[in-house]
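Report on one structure; see the data block that follows.
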Amino acid sequence: MKSIRLLAAVAIITVMWACTKEKQTPEIVNAVTSDCHTSTDVLAAKEINTDSVVASWVGNDQLQVRHYNMMLDCGGANIVTTVEISEDVVTVVEHVGEQGMTDCICLYDNSFLIDNLPKHHFTLVIKVESLISGHPEQSTVYVHDFNTNNNKE
């Protein structure tokens, strides 16, 4: 009788562990923001639009995301990158802080890995959130469908 109870307890713990393991939420790892690699005045910056995002698989279950040439105020970027999931949409938000505070625009690169992705088809959405006069404003810069089952876009 004791061995049946012990076996049942082990089975329950195993099932709970497996369910918890499958419900892992995506997380950002190895986030790195470059130093300013080009600067210009505000008027010249309006003529530049070189912002781009590249996402590619690393191994079987991580996406490497590189966001190149983000136009931000000079003076150093401290980009905080967060991720959340809702249904089959993984949303990454790059929080770039207060903008419009200087007369200079710099180009920055932000790169990171996304770990613990869903084990099925999902849509990756990347947004940039800026503070303009203390109010958050978000813009979507990237939307793409992925499937971790076969790592095909």
Item checked: FRET E, pair Met101, Val29, Förster distance 35 Å, beta-carbon r, rounded to 0.05 -> 0.70
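Using the 10 angstrom Cβ neighbour count as an exposure proxy, how do Met70, Met101 rank, fewest first? Present the calculation step by step, with values, prior to reporting the outcome.
Working: Met70 22, Met101 12.
Placing the least packed residue first, the sequence is Met101, Met70.
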Item checked: In sequence order, calculated HN-Hα J values of region 24-32 (Karplus, 6.51, -1.76, 1.60; Hz; x Gly/Pro) -> 4, 9, x, 9, 8, 10, 6, 6, 9
Check: If you add up the charges near Gln138, with Lys and Arg at +1 and Asp and Glu at -1, over every other residue whose beta carbon is less than 14 angstrom from its beta carbon, what do you get?
Finding: -3
Note to self: As a footprinting exposure proxy, order Leu63, Leu113 by other Cβ within 10 Å, with the fewest listed first.
What the structure shows: Leu113, Leu63
Note to self: Binning at 5 angstrom from zero up to the longest distance, how are the C-alpha pair distances of region 26-147 distributed in percent?
What the structure shows: 2, 11, 21, 24, 18, 11, 8, 4, 1, 0
Item checked: Within region 73-153, trypsin sites (Lys or Arg not before Pro) in DSSP loop having at most 14 other beta-carbon neighbours inside 10 Å -> Lys119
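Since every read-out is calculated from the coordinates, none of them should be taken as a lab result. Everything numeric here is computed off the predicted structure, so don't read it as measured data. Glycine also receives a Cβ, built like all others from the backbone with ideal geometry; neighbour counts cover every protein chain displayed.
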